[in-house]
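Novice: Quick one: the structure is below, questions incoming.
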Amino acid sequence: MHSPAQTLATPAPADRLRPLRYVWRVPLLFFHGMVAVPLTLCAFNPLAKRMRIGSTTVEKFLVRWWSGRLIRIFGMRIRAFGEPLPDAVLFVANHISWLDIELMHSQRAMSFVAKSEIERWPFIGWLAASAGTIFHRRGSSDSLAAVMGVVVERLQEGRPVGVFPEGGSGHGERVGTFHARIFQTALDAQVPVQPVALRYGRDGTQDPSVPFARKEKFFPNLVRLLGNPRMDAEVHFLEPVALAPEARRRMAEESRARITAALGYGDD
């Protein structure tokens, strides 16, 4: 197990290979973005929801393929541990990067609750909206109430939903407090809650260059990630947390504790 100090990697020295990585990754990212437009039109239509490839639908297959490929273009090897539960599930994860949604999508297609600012991001916002992202205006109780209503509806329809109960992305050195209110959606819909632990780095350490720097915008972060050395993108699907009516705070704390333990942070 790693202590918090061990789990956060130290910054790397000057990287002379960074310019070379842009030479091949930028064209790959541009091409992947061009593929996304017709792919989205194909994936998110009633026919794709009915047609099947093996045990999954065409829609879900395309979402997983596109998301996994995007992660790999950024030089990341996906390492998945455990299995996502089937059917309707409330997935609760720690939040490090805007890539978290794509990393989880690479394993199972789901709706996400995300901050409303993402809707305005070039291209990414359009993709997120097309994928059924539920946008929340942070700091607004009215927005949260409306979002929770939509989450319950989707769970009751048998669709999985992913949320980040910290309420914002962290810096990777710890898991922030989980807000308990969003867990009420699982109680209302009577579906399981599965914690998911995420990490980007090498040898079980979180790379500090992946999270947003303070006041950093989306595009500078994307550019930095695109030039980073190869690393692992870990996604750990953990044991589900038992539903506890009238005790959603206990569910939130237990979910956070399991994610913290999986990442080796210890008690904090």
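Quick note: the coordinates plus some simple rules give every number you see, no bench work behind them. Because the structure is predicted, anything quoted here is derived from the model rather than measured. Cβ: placed from backbone, ideal geometry, glycine included. Neighbour counts: every protein chain shown.
Novice: Can you compute 3J(HN,Hα) from phi for each residue in the stretch 64-69, using the Karplus curve 6.51 cos²θ - 1.76 cosθ + 1.60 with θ = phi - 60°, rounded to whole Hz and x for Gly and Pro?
Specialist: Going residue by residue, I get 5, 5, 5, 5, x, 5 Hz, with x marking Gly and Pro.
Novice: Oh, and also: Computed from these coordinates, which is Cα extents along the principal axes in Å: (1) 63, 54, 42; (2) 55, 39, 36; (3) 55, 48, 37?
Specialist: Looking at Cα extents along the principal axes in Å for this model, the match is (3).
Novice: Let me ask something additional. With the contact rule set at Cα under 8 Å and sequence spacing of 6 or more, what percent relative contact order holds for the chain? Please report the intermediate quantities before stating the final value.
Specialist: Details: 472 pairs, mean separation 75.7, N = 268.
After rounding, I find 28 percent.
Novice: Another question about this same structure. Please order LEU20, LEU62 by the number of other Cβ within 10 Å, starting at the fewest.
Specialist: LEU20, LEU62
Novice: What length, rounded to one decimal in nm, is gained on full extension from ILE53 through to ASP87, with 0.36 nm per residue of separation minus their alpha-carbon distance?
Specialist: 10.5 nm
Novice: What's the FRET efficiency of LEU243 with ARG64 using the Cβ-Cβ distance as r and R₀ = 41 Å, to the nearest 0.05?
Specialist: Working from the Cβ atoms, E equals 0.90.
Novice: Where does each of ARG64, ARG108, ARG79 land when they are ranked from fewest to most other beta-carbon atoms within 10 angstrom?
Specialist: Least crowded to most crowded, the residues run ARG79, ARG64, ARG108.
Novice: What does a probe at GLU173 reach in the stretch 186-201, counting residues whose amide N is under 20 Å from the point 7 Å along Cα→Cβ?
Specialist: Correct set: 198-201.
Novice: Something else: Output wanted: per-residue J couplings in Hz (rounded whole) for the stretch 79-93, from phi through Karplus 6.51 cos²θ - 1.76 cosθ + 1.60, θ = phi - 60°, x for Gly and Pro.
Specialist: Each residue's phi maps through the Karplus curve to give 10, 9, 10, x, 10, x, 5, x, 6, 7, 9, 9, 8, 10, 10 Hz.
Novice: I need the semi-axes of the equivalent ellipsoid of the stretch 187-229: take the C-alpha gyration tensor, multiply each eigenvalue by 5, square-root it, list largest first in whole angstrom.
Specialist: For the stretch 187-229, the ellipsoid semi-axes come out as 30, 16, 9 Å.
Novice: Let me ask you something else. I need the peptides 169-182, 193-206 ranked by packing, meaning the mean over residues of other C-beta atoms within 10 angstrom, with the highest value on top.
Specialist: Going from most to least packed, we get 193-206, 169-182.
Novice: Go through PHE81, MET51, GLY172 and say which Cα lies farthest out towards the positive end of the charge dipole of the chain; charges sit on Cβ, +1 for Lys and Arg, -1 for Asp and Glu.
Specialist: Checking the options against the dipole of the chain, the answer is MET51.
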